[in-house]
Amino acid sequence: MVKEESPQINRRTTRLSSCTTPNSKASPEASKATNRSHSLSINDLNFRNEYITLDELINSFPGRRAKIIELINLLGPLNSPITPLFVYGSASTGKTNIILQIFKHLNRPFTYCSCITCYNPRVLFESILNQLFLHRKNESNGYLSSKRCEKPSDFVNLLREALTSLIDSLKGNVGKSGSKKSSSQVNGKMVYLIFDNLELVREWDKSSTILPLLFNLYNILKMPEVGIIFVSKSSPDTFQSDTGYAEPFPIYFPDYTEDDLRHIFMKNQANPKLYSSFLDLVLRPFCRITRRVDELSTAFLPLFKKYCEPIGDLGTVPSEDMKRKLFSHIQPFISLTLNETFSVPSQPFVKASANKDRRKSIKKMFGVSESLDVIDFHMSTSAKYLLISAFLASRNPATLDASLFDSTGGSDIRKRKRKSSERSKDQKETKELELLMKGPGTFPLERLLAIFQCITSVAEYSPVDEELQNGGLGLEGPDSGLMSDILLQLSSLCSANFITKGGSCPLEGSTRYRSTVSEDMALKVARSLKFPLSKYLFRR
């Protein structure tokens, strides 16, 4: 199998990547000899010769000093038992990287398994056992695991066997080392099991047996020398199960603040003053949309190149006059990149400016005021569609979703109406009065995402844009699928009180949401997208 070349970006350092491996340029015979000679020991359960101080650890993660100190205090002194920990937070908030660097600082033995690479129970079980049995797959053993394990019961027995043997070795290692200890030697007799990306287990664990097993593992083993750490993007509430288990101690990693992001992006910059002037322009508007470091890095890289185009020497310290010129140069591209940050793109800037005068003439022809299309706050295209989806989910009955969002792009219910009798009119008025008193309905997250997918897939069919030469939103094709973190957008809309989060349904057990925007507000957002909201809105 050909090994693909990885992109040149800063990647998370794990113990496996830091271990000494055979040189790829060496001959095959030398590689085989190295594999045979280098047998794993208990000192390979940590980062070999990579000890870092506490100050280095804290300085590596701006804005995370409190969380680092909290995690170190929870891990406790050497050889102190701990309850299982559950570290959670949004993507790209430094959870996994900080945990691994803490173990590099403490120099304690641990095993690390990511549920991205461990994509089924067997791979997950064997990955843990291989690390605990100090087994490495190579050509000499046929790239086989130390133990073949598929059943949870076998995994528990083999795990207890491996931990018992390893802990005995650690106790003997502590007795032999005495006071003389090198930086490559592990500290203590505790072993920590780290399970990363735990939320992905729900996707391949169809029988719902692996998660209860992992959460009950501490009570099943009954070994105080074992610590368990779970890392997830989802909160502990989403892992509720009917089987009882002791809940792990939750540790929440909040999103980075604007000051934290500034410190992160200012690190290792060749011209700090130039990049600081660039962040003064782009950081605040982008932070209103996303605070993920990976998404911001992707957006800032081409913007900074565009920002530096008028400058001949990148080492120049910009003056106030130069800053104004650079701002005028980059301003048109900021709004364009804001819309393109997420997967639902807006109409290209050039095309939008070319059709601006034509839109005005069409609006005047139909008597539409331009002020109706103006929104006095910035919102990404993806958030606008999500807001419209929530409005439709609150206003429309769930039983009509199939007919409203069919393959034809919506159905005209008004054409199906028949002549109503007096009795049906009275019943209709009574229902309308009840709905008026009740207010907008609630909906689960699944229904919101389904409507979101439907309206973004048919967004190019807009009656206003049919008057133009090119209808739609400039979508380039069906391949422009959803790649953004919709849950982050939903959280932002909830924080802005556009959507409220209600209690869980006793039957479904999932959180329900409710749209709080008025119909006028929803129509204004829809007009800014050229989306035919009235075509999908059920009129009683």
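The values are calculated or read from the model by the stated rules, or taken from the named source; none is laboratory data. Just so it is clear, the structure is predicted and the values come from calculations on it, not from any experiment. Glycine gets a Cβ as well: all are built from the backbone with ideal geometry, and neighbour counts include every protein chain shown. To get the accessible areas, we keep the full protein, side chains included, count just its heavy atoms, and leave off ligands, DNA and RNA. Shrake-Rupley method; radii C 1.70, N 1.55, O 1.52, S 1.80 Å.
Scanning the range 104-134 for residues that are surrounded by fewer than 21 Cβ atoms within 10 Å (Cβ to Cβ) and more than 30 Å from I72 (Cβ to Cβ) yields Y119, N120, P121, R122, V123.
Contact map, the range 88-117: residues that are closer than 25 Å to W204 by Cα and among the aromatic types (F, W, Y) paired with residues that are open to solvent by 30 Å² or more (accessible area, probe 1.4 Å) and assigned to a loop (DSSP other than H, G, I, E, B), Cβ distance under 9 Å, separation 6+ or inter-chain. Pairs shown: Y88/K233; Y88/S235; Y112/T14. Just one of (1) of a type in the set (A, V, I, L, M, F, W, C); (2) assigned to a loop (DSSP other than H, G, I, E, B); (3) modelled with pLDDT of 90 or more fails for L40. It is (3).
Candidates are the residues of the range 134-161 that are assigned to a loop (DSSP other than H, G, I, E, B) and charged (D, E, K, R); the one that is farthest from Y218 (Cα to Cα) is K137. Candidates are the residues of the range 315-330 that are part of a helix (DSSP H, G or I) and in contact with a helix residue (DSSP H, G or I) (Cβ under 8 Å, 6 or more places away or on another chain); the one that is farthest from S380 (Cα to Cα) is K323. Restricted to the range 201-314, the set of helices (runs of 4 or more DSSP H) holding at least 3 residues that are out of contact with any Phe, Trp or Tyr (no Cβ under 7 Å at 6 or more places or on another chain) and farther than 19 Å from F61 by Cβ comprises 201-204, 217-221, 272-287, 293-307. The numbered conditions (1) aliphatic (A, V, I, L, M); (2) in contact (Cβ under 8 Å) with a residue 24 or more places away in the chain; (3) open to solvent by less than 40 Å² (accessible area, probe 1.4 Å) are all true for L279 except (2). Once the range 148-196 is narrowed to residues that are polar (S, T, N, Q) and either closer than 18 Å to L211 by Cα or not assigned by TED's automatic domain parsing to the domain that holds L217 (or both), the residue that is modelled with the highest pLDDT is N157.
Cβ-Cβ contacts under 6 Å between residues 6 or more apart (or on different chains), taken from a first residue in the range 304-328 that is aliphatic (A, V, I, L, M) to a second residue that is surrounded by 15 or more Cβ atoms within 10 Å (Cβ to Cβ) and not in a loop (DSSP other than H, G, I, E, B), are listed as L326/Y307. In the range 195-212, the condition of being under 23 Å from N46 (Cβ atoms), over 25 Å from the mean Cα position of the chain (by Cα) and not aromatic (F, W, Y) is met by no residue.
Give all pairs with beta carbons closer than 8 Å in which a residue from the range 58-73 that is free of Cβ contacts under 8 Å to residues at least 12 places away in the same chain meets a residue that is open to solvent by 60 Å² or more (accessible area, probe 1.4 Å) and charged (D, E, K, R); count only pairs at least 6 apart in sequence or on separate chains. Pairs that qualify, where the first residue is free of Cβ contacts under 8 Å to residues at least 12 places away in the same chain and the partner is open to solvent by 60 Å² or more (accessible area, probe 1.4 Å) and charged (D, E, K, R), are I58/R65.
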